[in-house]
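The next block holds one structure in the form of C-alpha cells; read it before the comments.
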Amino acid sequence: MKLLIEIYQRILNKLAFIAPGGGSIRPWLHRMRGVKVGKNVWIGQYVYFDELHSDQITIGDNCSIGLRVSLFTHFYWGRKRNSDSAGSIKIGNNVFIGPNCVILPNVHIHDGAVIKAGSVIAKSIPANVYWGTDSGRPLARVTVPLTRDHSYQEFIHGLRPIHHTNGETNPASTEEPAP
C-alpha cells in the first residue's frame, strides 16, 4: 500500500508539472499531494515540488511561483525515509518567487519577500525584502563530492573558502584557503 501511495504522489507531481491552470489545477494537484497551499496562489509550469516529502512544503496566500522553480525538502538517495530526514520549506503570504529559482530544505521565506529570478535560496529570507544574488562566481572549493557515497552534511563540511581578487574570503568555511 505504501508503494501505491508513493506512485500516486509521483503521478500527481508529474501532472502538476505540465498541467494548465497555474491558479487552479496546479495548486489543486499539489494540495492532493499534501502540500499546504493557501488561497490565490499561482504556480507556474514546470515547477518541481519535492516528490518524497511534499507534506513539508507550505505556501501562504497570494503567492506567485515562477516558471521552472524547484523546491527540495531532502538531500538523500533512494526510497523515502521518515520526515526527520527532510527539512521544511515555508513560504509566507504575498511572496513572489521569480523563474528558475531553487529553494533548499529548512528555508522560511517570510511575508512580502520577492525573490530574484535564478536565485538559490539556502537560508531563510526576511519579510518585505527583494532577495537575490548579483553575478555568479565561485563560492567555495569542493573537497567532498556531493554523490551517493557522501551525505549533504559531509559535502558542506568539506567546502573550503576561495580568496577572491578583491581580497574577500567566502564565509562558507573558515578552514584553509584554496591553493
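The values are calculated or read from the model by the stated rules, or taken from the named source; none is laboratory data. Keep in mind that this is a model prediction, so the values were computed, not measured. Because the Cβ atoms are built from the backbone with ideal geometry, glycine has one as well, and the counts that use them run over all protein chains shown.
For the structure I just gave you, tell me whether Asn82 is on the phi > 0 side of the Ramachandran plot and in the same structural domain as Asp50 (by TED's automatic domain parsing).
So Asn82 fails the test.
So which residues in segment 13-60 are within 21 Å of Asp84 (Cα to Cα), aliphatic (A, V, I, L, M) and modelled with pLDDT of 95 or more?
Answer for segment 13-60, where residues must be within 21 Å of Asp84 (Cα to Cα), aliphatic (A, V, I, L, M) and modelled with pLDDT of 95 or more: Val35, Ile57, Ile59.
Take the residues in segment 31-72 that are of a type in the set (Asp, Glu) and within 17 Å of Leu15 (Cα to Cα), then tell me which one is surrounded by the fewest Cβ atoms within 10 Å (Cβ to Cβ).
Glu51
Taking the condition of being on the phi > 0 side of the Ramachandran plot and either assigned by TED's automatic domain parsing to the domain that holds Leu146 or touching a residue at least 24 places away in the same chain (Cβ under 8 Å) (or both), how many residues in segment 85-111 meet it?
Within segment 85-111, residues that are on the phi > 0 side of the Ramachandran plot and either assigned by TED's automatic domain parsing to the domain that holds Leu146 or touching a residue at least 24 places away in the same chain (Cβ under 8 Å) (or both) number 2.
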